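The values are calculated or read from the model by the stated rules, or taken from the named source; none is laboratory data. Treat the numbers as computed from the prediction; the structure is a model and nothing was measured. So basically every Cβ, Gly included, is an ideal-geometry build from the backbone, and we count neighbours across all protein chains shown.
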Amino acid sequence: MHCNRFQSRPLTRREMLARCACGFGSVALAGLAQATAPQSPGYRAKAKSVIFLYMDGGVSQVDSFDPKPALARYDGQPFNAKIEPTQFDNVGTTLASPWKFRRYGECGLEVSDLFPHIGRNADKLAVMRGVVSDFSEHNTANYFLHTGFGQAGRPSMGAWLSYGLGCESNELPTFVVLNGGLVPSGGADNFAAGFLPALHQATMFKPQALPVANLDGPAGISPERTHKMRSLLASLDAGVAERYAHDDAIESAISNYELAYRMQLAVPDVASIDDEPEYIQRLYGVDHPFEATRVFARECLLARRLIERGVRFIEMTCPNIDGCDRWDAHSNLVENHSKNALATDQPIGALLQDLDARGMLDDTLVVWAGEFGRTPFAQGTEGRDHNPFGYTVWMAGGGVRGGTIYGATDDFGYRVVDGRVTIHDLHATMLHQLGIDHTKLTYRFGGRDMRLTDVHGELITAIL
């Protein structure tokens, strides 16, 4: 029996926190939902999404988009300029390009015979010939290109975009890597969320009919039983939230599990190209006799389909070519670059043409880049070493000025002499086209506000 003078014992602080934890979890989950929802850009954006064509290993600028006649005049002679320390200290003579260059488009852009399909889209390209990197070794240069920092552990540019803008799709990830077979040197840290919540890291797809492993539900499980299992998991998740209150790692895991469930229906649909007209598949090279071309063609076509469905950032890696390294042509330059160009040129040209025909190029920013370029002198007799002192990157669509050539290297294509572009400038410009001020996209970590461009970065206004 209760007497009227009974008074409940006050709650201790620990009991209060335990009872209120579910409420804390709800607040945290509400914040999480806000973080993954599409965010309004700070100003009018030109682009809604990015397709990043990563040319793994470093394409030679003097054999692709930066012709240098002086190399032919001095071919086979000792290199007549100061030589920076090279990666392998095996410096040969001046090496002319084995390929001819032709002018394309109204802009007259000179492109080598390696890239005729891309060349036919010259008036869509903004070519930057004065790009530099701070690093000449693959791992550090890859981290720098992808995260703006030369060591592992920082968020990738795709993760920053996911954090800044959220996703337009409820069934697909914000940040997707289409892995053609070659994960960049440095591994998955190039695509990581770093200190950002884990829900912003990349989801890796393969360019096959079922691009994500273990996506199908268990065989023999009915939809009703699946629903009951989902309800049980939701209850367990709520219990974890009640117990641990606000925890980014737990909330990100819950969010990623929920996304994986929704992807079970969305991914098979987006990955199937059976509904694409035959002429589109031929345009990309899905039926090409060279297997690596077929792989990259599926990547490019899948990228367009993902962009149509609201994915924000897509990176494509190069296909694995038997007997031929990535673009890293330390020897046998002709075979290396010929095979890699055969694999990528037609699909990229088709992607640009297809996006333009559909009216999607206006708000899709396409970026073509490697981690550095190559030397104008030989490594040994038939290769080229790493060169971070001046190389080429191009952009298309997304508000950049097509038919533009910005920056220049010296007579040998070795060092920048005009229009210097840093990786931080590249990132700042990409974010700007997406409506984000790179100086204001920050995340508090380690006692200070961190950003993709650190304390650097200027807009490349000449190409906008």
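Computed values, structure above
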{"read-out": "Any chance ALA35 is at pLDDT below 95, of a type in the set (Gly, Ala, Ser) and either part of a strand (DSSP E or B) or in contact with a helix residue (DSSP H, G or I) (Cβ under 7 Å, 6 or more places away or on another chain) (or both)", "value": "no"}
{"read-out": "Number of the exception - GLU315 against (1) in contact with a strand residue (DSSP E or B) (Cβ under 6 Å, 6 or more places away or on another chain); (2) part of a helix (DSSP H, G or I)", "value": "(2)"}
{"read-out": "Residue list for segment 63-92, restricted to those being in contact with a strand residue (DSSP E or B) (Cβ under 7 Å, 6 or more places away or on another chain), among the small types (Gly, Ala, Ser) and in a loop (DSSP other than H, G, I, E, B)", "value": "SER64, GLY76"}
{"read-out": "Whichever residue in segment 132-161 is touching a Gly at 6+ places or on another chain (Cβ under 7 Å) and among the charged types (D, E, K, R) and, among such residues, is nearest to ALA192 (Cα to Cα)", "value": "ARG154"}
{"read-out": "GLU371 in contact with a helix residue (DSSP H, G or I) (Cβ under 8 Å, 6 or more places away or on another chain), over 22 Å from LEU352 (Cβ atoms) and surrounded by fewer than 24 Cβ atoms within 10 Å (Cβ to Cβ)", "value": "no"}
{"read-out": "Residue list for segment 268-306, restricted to those being among the basic types (Lys, Arg), in contact (Cβ under 8 Å) with a residue 12 or more places away in the chain and within 14 Å of GLN353 (Cβ to Cβ)", "value": "ARG304"}
{"read-out": "Complete set of residues in segment 395-429 that are farther than 23 Å from TYR74 by Cβ, in contact (Cβ under 8 Å) with a residue 40 or more places away in the chain and not in a loop (DSSP other than H, G, I, E, B)", "value": "MET395, ALA396, THR404, ILE405, TYR406, VAL421, ILE423, HIS424, LEU426, HIS427"}
{"read-out": "Residue in segment 372-386 that is more than 24 Å from GLN87 (Cα to Cα) and either assigned to a loop (DSSP other than H, G, I, E, B) or modelled with pLDDT under 95 (or both) present", "value": "no"}
{"read-out": "Qualifying residue in segment 328-340 (condition: in a helix (DSSP H, G or I), within 30 Å of LYS46 (Cβ to Cβ) and either of a type in the set (Val, Ile, Thr) or over 22 Å from the mean Cα position of the chain (by Cα) (or both))", "value": "no"}
{"read-out": "Residue match in segment 321-328 (condition: in contact with a Leu (Cβ under 7 Å, 6 or more places away or on another chain), in contact (Cβ under 8 Å) with a residue 60 or more places away in the chain, buried (at least 21 other Cβ atoms within 10 Å of the Cβ) and not basic (Lys, Arg))", "value": "no"}
{"read-out": "Qualifying position, being over 20 Å from LYS68 (Cα atoms) and either among the hydroxyl-bearing types (Ser, Thr, Tyr) or under 21 Å from the mean Cα position of the chain (by Cα) (or both), among GLY380, GLY349, GLY323", "value": "GLY349"}
{"read-out": "Residue satisfying condition, being of a type outside the set (A, V, I, L, M, F, W, C), out of contact with any Lys or Arg (no Cβ under 8 Å at 6 or more places or on another chain) and closer than 22 Å to PRO347 by Cα, within set LYS100, LYS46", "value": "LYS100"}
{"read-out": "Filtered residue count, segment 277-297, keeping only those that are within 13 Å of LYS206 (Cα to Cα) and touching a strand residue (DSSP E or B) at 6+ places or on another chain (Cβ under 8 Å)", "value": "2"}
{"read-out": "Some residue of segment 430-438 being free of Cβ contacts under 8 Å to residues at least 24 places away in the same chain and part of a loop (DSSP other than H, G, I, E, B)", "value": "yes"}
{"read-out": "Qualifying residue in segment 151-168 (condition: in contact with a Pro (Cβ under 7 Å, 6 or more places away or on another chain), modelled with pLDDT of 95 or more and closer than 25 Å to PHE65 by Cβ)", "value": "no"}
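Results for (1) surrounded by 15 or more Cβ atoms within 10 Å (Cβ to Cβ); (2) in contact with a strand residue (DSSP E or B) (Cβ under 8 Å, 6 or more places away or on another chain); (3) of a type in the set (S, T, N, Q); (4) at pLDDT below 75, shown as yes or no for each residue.
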residue	(1), (2), (3), (4)
GLU224	no, no, no, yes
ASP237	yes, no, no, yes
ARG243	no, no, no, yes
ASP274	no, no, no, no
GLU299	yes, yes, no, no
VAL311	yes, yes, no, no
